[in-house]
1. I'd like the full set of residues that are among the hydrophobic types (A, V, I, L, M, F, W, C), assigned to a loop (DSSP other than H, G, I, E, B) and either under 33 Å from the mean Cα position of the chain (by Cα) or at pLDDT below 95 (or both), limited to the range 376-398.
2. Which residue is surrounded by the fewest Cβ atoms within 10 Å (Cβ to Cβ), if the candidates are limited to the range 137-169 and must be assigned to a strand (DSSP E or B) and within 32 Å of the chain's Cα centre (by Cα)?
3. Could you tell me whether any residue of the range 203-219 is within 30 Å of GLN93 (Cα to Cα) and in contact with a helix residue (DSSP H, G or I) (Cβ under 9 Å, 6 or more places away or on another chain)?
4. Could you check the range 120-130 and list, in sequence order, the residues that are touching a Leu at 6+ places or on another chain (Cβ under 9 Å) and either buried (at least 20 other Cβ atoms within 10 Å of the Cβ) or at pLDDT below 95 (or both)?
5. For MET273, only one of the following conditions fails: (1) more than 30 Å from VAL383 (Cβ to Cβ); (2) surrounded by 12 or more Cβ atoms within 10 Å (Cβ to Cβ); (3) modelled with pLDDT of 90 or more. What is its number?
6. Restricting attention to the range 204-220, which residues are within 17 Å of the chain's Cα centre (by Cα) and open to solvent by 60 Å² or more (accessible area, probe 1.4 Å)?
7. Given the options ALA178, ALA230, name the one that is open to solvent by 30 Å² or more (accessible area, probe 1.4 Å), small (Gly, Ala, Ser) and either farther than 30 Å from GLN87 by Cβ or free of Cβ contacts under 8 Å to residues at least 12 places away in the same chain (or both).
8. It is to be established whether one or more residues within the range 318-326 are within 27 Å of ASP220 (Cβ to Cβ), touching a residue at least 24 places away in the same chain (Cβ under 8 Å) and buried (at least 16 other Cβ atoms within 10 Å of the Cβ).
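The values are calculated or read from the model by the stated rules, or taken from the named source; none is laboratory data. Being a predicted model, the structure only gives us computed values, none of them experimental. Don't worry about glycine lacking a Cβ; one is built from the backbone with ideal geometry, like all the others, and counts go over all protein chains shown. Each accessible area value is taken on the protein alone, full model and side chains, heavy atoms only, with ligands, DNA and RNA left out. Shrake-Rupley method; radii C 1.70, N 1.55, O 1.52, S 1.80 Å.
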Amino acid sequence: MSRNASLYRSRWLKLAASLLLVTSANFATNTVGLPGCAWPDDSEIWLQDAAEAIEKAASENRDLLLLFTGSDWCPPCIKLKKDVLSQKEFVEQAPNSFVLVKFDFPQTVELSAELQKQNDEWSERFGIEGFPTIVLLDSQQRPYAFTGLREEGPAAYLKHLEALRQTREKRDEAFSMAADKQGIERAELLDQGLSALDPDIVEIYYEDVVNEIGELDSEDGAGLRTKYFAARDRELRKAVMSNISMVARLDRPENAIAFIERALAETRLPIDMWLTAQKTKLRLLRSLERTDEAQQLIDSMISTEGMDAETRQRLIINKVFYMVSRSQNDLAMDELEQQIRSQPENLLLMIAKGELLHSFGNLEEALAAYDQSIMAAAARPEVLVEVVGAKADALFELKRVEEALATLDELAANQNVPANYRAEALLHKALMLRETNRRRAAILSENRAVEIVETPEGKSEIQKLVDQFRRKFAGQSQ
């Protein structure tokens, strides 16, 4: 009932305007001339026995039109009856396409216990929350449309019902074409059939077809898995990732590794979540010094299809620096050189090479790597500022202070670089100036850094850094 409720609540909100058109006064007016609000010729066109209607629809291959109504008290119901359902045109034409069934909930007429029970069960089956509601079913009792009161006469209403019936025909045509197909082709035809229907109806009444589509396109090659299961999969994936994080934090590493392996075997995760889970497993393997397994895992991650070039480079860098942490410097450099040659996009790898050479004390070689990286990073200011800073540091360590300052000045003067990154270069320069006891020049560089930042928030952040510098170097001579 709860799943149905959202569908029908939405529908009745949409019908609210038309419901409000019929006031109590209109109710009194509209019922004049309708003795006891009786439905003429009920026994001829409106069946009340659901079992009889189902049998008739199946034997005659006609659709079912179910009317849920409060015939003697509901103003919109009475209006729909007066303007449409009791009109000669409707009475003569509607039975050609539909077996008409009425589920009445009157207040002045007492229904038999059996009929009341039947009506309640069918109302519950379709989550009926307001009257009048019309539900259209095929001859096999599968719903394909819901409707209700419309401000129009019988001809327009019949046209409306026919348009809804045609959605069922489109569904059936696609399902028929899918009957002898397999795999993605079948999934796409089933999707074509469902696409003719209201998505809320599909969600509630076509779960079996949706599940089949999900299985047929389990790898999401046609995008149908995402189309039908995105919300469900998203919640499941969030739960899986949350559990992985919790188990890795609280359980023994061996148990956490086993849990991650089971979770990844049972749940298909998008590449970013899969990598996050594998990184957690990698960290646990390293903590247990299961080096060979860790090496195999990160190699597997690096070779995985579907990730972007930057993520792949960061994984390679992770591997290389782990090797360095285990005093495998030569192997690490060989690995990095090989990856630089094999990766079409290798900017981050080149920067890592410079940092690695820098950490080994090979400053001249590091400078060459930094220069190559600076040329490639021209369009990436967030990367450019880092590599320029690294080059300046290497020059500073080589006692080539003026070259280091000039390198930072060049970036600070580059108007193609956003102001916040140019300000970072000026602060870097100021720090070097203070470390060489050039306080006045440092203050000028710091002030300039604050000036060029455009936003108040940015100025505030830069000023905080400047204040930290000045406290650290308080008492420094001119």
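1. As a first pass, look at the range 376-398 and keep what is among the hydrophobic types (A, V, I, L, M, F, W, C): 376-379, 383-385, 387-388, 390, 392, 394-396, 398.
Those left that are additionally assigned to a loop (DSSP other than H, G, I, E, B): 377-379, 398.
Once the filter is applied, which keeps residues that are among the hydrophobic types (A, V, I, L, M, F, W, C), assigned to a loop (DSSP other than H, G, I, E, B) and either under 33 Å from the mean Cα position of the chain (by Cα) or at pLDDT below 95 (or both), the range 376-398 yields ALA377, ALA378, ALA379.
2. The selected residue is THR147.
3. yes
4. PHE126, GLY127, GLY130
5. It is condition (1) that MET273 fails.
6. Listed by number, the list holds a single entry, GLU219.
7. Just one listed residue meets the conditions, ALA230.
8. Within the range 318-326, the subset within 27 Å of ASP220 (Cβ to Cβ) is none.
No, the range 318-326 contains no residue that is within 27 Å of ASP220 (Cβ to Cβ), touching a residue at least 24 places away in the same chain (Cβ under 8 Å) and buried (at least 16 other Cβ atoms within 10 Å of the Cβ).
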